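Quick notes on the structure that follows.
The values are calculated or read from the model by the stated rules, or taken from the named source; none is laboratory data. Note that this is a predicted model, so its numbers are computed, not measured. Cβ placement follows ideal geometry from the backbone for every residue including glycine, while neighbour counts extend to all protein chains displayed. What goes into the accessible areas is simple: the full protein's heavy atoms, side chains included, and nothing from ligands, DNA or RNA. Shrake-Rupley method; radii C 1.70, N 1.55, O 1.52, S 1.80 Å.
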Amino acid sequence: MSGILSHNSKIWEGEEQIIIERAEGCYLIDTEGKRYLDGVSSLWVNVHGHCRPEINKAIQAQLEKVAHTTFLGLTHPSAIELAERLIQIAPGQLQRVFYSDTGAAAMEIAIKMALQYWQQCPSPQPERTKFFSLHSSYHGDTVGAMSVGGIDIYRKAYNPLLFSRISAPVADSDHSHYPDAGMTSLEEIERTISVHAHELAAVIMEPLVQGAAGIQVYPPGYTRAIWEIAKRHQILFMLMR
Ligand SMILES: Cc1ncc(COP(=O)(O)O)c(C=O)c1O
């Protein structure tokens, strides 16, 4: 979440930097030996903690077999095993896995796939080139991911580079956590999507909670309801966590 880091770097510039030398379980330990409870967990990605023996062992075992291969015409047993397990837990008919190394890259890949889908599907609709995303959404800091993001402070310096997105105004604002935060009503989302359905390639949202917006949890059923709206208008639906 580098956008958030660059925003916060104004605050951190004035502080002495903490140098983390090692970690144990859910504690980070700095060069002075001071321990910190790692509540941030590298912005929620290090959910299993640090130096877990079973994870270290698995990484070591993989390195002793092969460190890396391209997926251009190749694959490897660990990639196949993970893909099979992801398919088992994925809902519905989802049976394909395309790996990426960061959230923002996943977003770029999904944007490209959606665009290309409408060019190559059985009834092509190449005019579907726009993306709908939510108010105060965050999807990463590459150019495409920023374009579909809805938090102004992370994108305004880069506006000349970005493509336009379709969004819906907030009906019932809650600005208590974050200047941009607020939840758009389902009625407003349905209205906007139906107006733009003919040109929309996909509807994009973070599932269940908007993290960068200030941990803004959706009301129960909100994600499913937006998925239903996308389905009704035959628009692809992308969830980006
Ligand atoms: C919902 C969401 N999408 C995309 C990203 C970008 O991920 P990355 O920082 O790995 O590029 C983040 C990062 O926090 C995120 O919260």
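Accessible surface of Val148, taken over heavy atoms with a 1.4 Å probe and every protein chain present, rounds to 0 Å².
Stokes-Einstein diffusion of the chain at 10 °C, 1.306 mPa s viscosity, Kirkwood radius from Cα pairs, rounded to a whole number: 78 µm²/s. Measuring nothing but how far apart in sequence close Cα pairs (under 8 Å, 6+ apart) lie, relative to its length, the stretch 1-159 scores a relative contact order of 16 percent. Loop exposure criterion: GluC sites (Glu not before Pro), DSSP state outside H, G, I, E and B, at most 11 other Cβ atoms within 10 Å. Applied to the chain, the longest stretch between such sites is 128-241.
Karplus-derived 3J(HN,Hα) values for the stretch 193-207, using 6.51 cos²θ - 1.76 cosθ + 1.60 with θ = phi - 60°, are 5, 5, 5, 9, 3, 4, 10, 8, 7, 7, 9, 10, 8, 7, x Hz; glycine and proline are entered as x.
Figure the gain on full extension for Glu32 and Cys51 (residue separation times 0.36 nm, minus the Cα-Cα span) and round it to one decimal in nm. Spell out each step's value before the answer.
Working: separation 19, 0.36 × 19 = 6.84 nm, distance 1.94 nm.
Between Glu32 and Cys51, full extension yields 4.9 nm more.
Between the C-alpha center of the stretch 41-77 and that of the stretch 121-164 there is a gap of 31 Å.
Please work out whether the stretch 96-150 counts as rounded, prolate or oblate from its C-alpha gyration tensor, where a ≥ b ≥ c are the square roots of the eigenvalues and a/c under 1.5 means rounded, while otherwise a/b larger than b/c means prolate and anything else oblate? If you can, show how the numbers build up before the last one.
Values: a/c = 2.75, a/b = 1.39, b/c = 1.98.
It comes out oblate by the Cα gyration axes.
Counting every pair of alpha carbons in the stretch 101-239, the share spaced more than 23 Å apart comes to 30 percent.
If only the Cβ of Lys and Arg carry +1 and only the Cβ of Asp and Glu carry -1, the dipole of the chain around its Cα centre is close to 700 debye.
Taking a straight line from the alpha carbon of Lys57, these lysines sit under 25 Å away, with near neighbours fewer than eight places off in the same chain left out: Lys65.
Leaving out ligands and nucleic acids, note down the accessible area per residue over the chain with a 1.4 angstrom probe, in whole Å². Each step should come with its number before you reach the end.
Numbers: 15510 Å² over 241 residues.
I get 64 Å² per residue for the chain.
Of all aspartates and glutamates in the structure, those lying under 13 Å Cα to Cα from Lys130, and not within fewer than 8 positions of it along the same chain, are Glu199.
Note the angle between two axes, namely the Cα long axis of helix 222-232 and the longest principal axis of the Cα atoms of the chain, as a number of degrees from 0 to 90, rounded to the nearest 10. Compared with the principal axis, the helix lies near 40 degrees.
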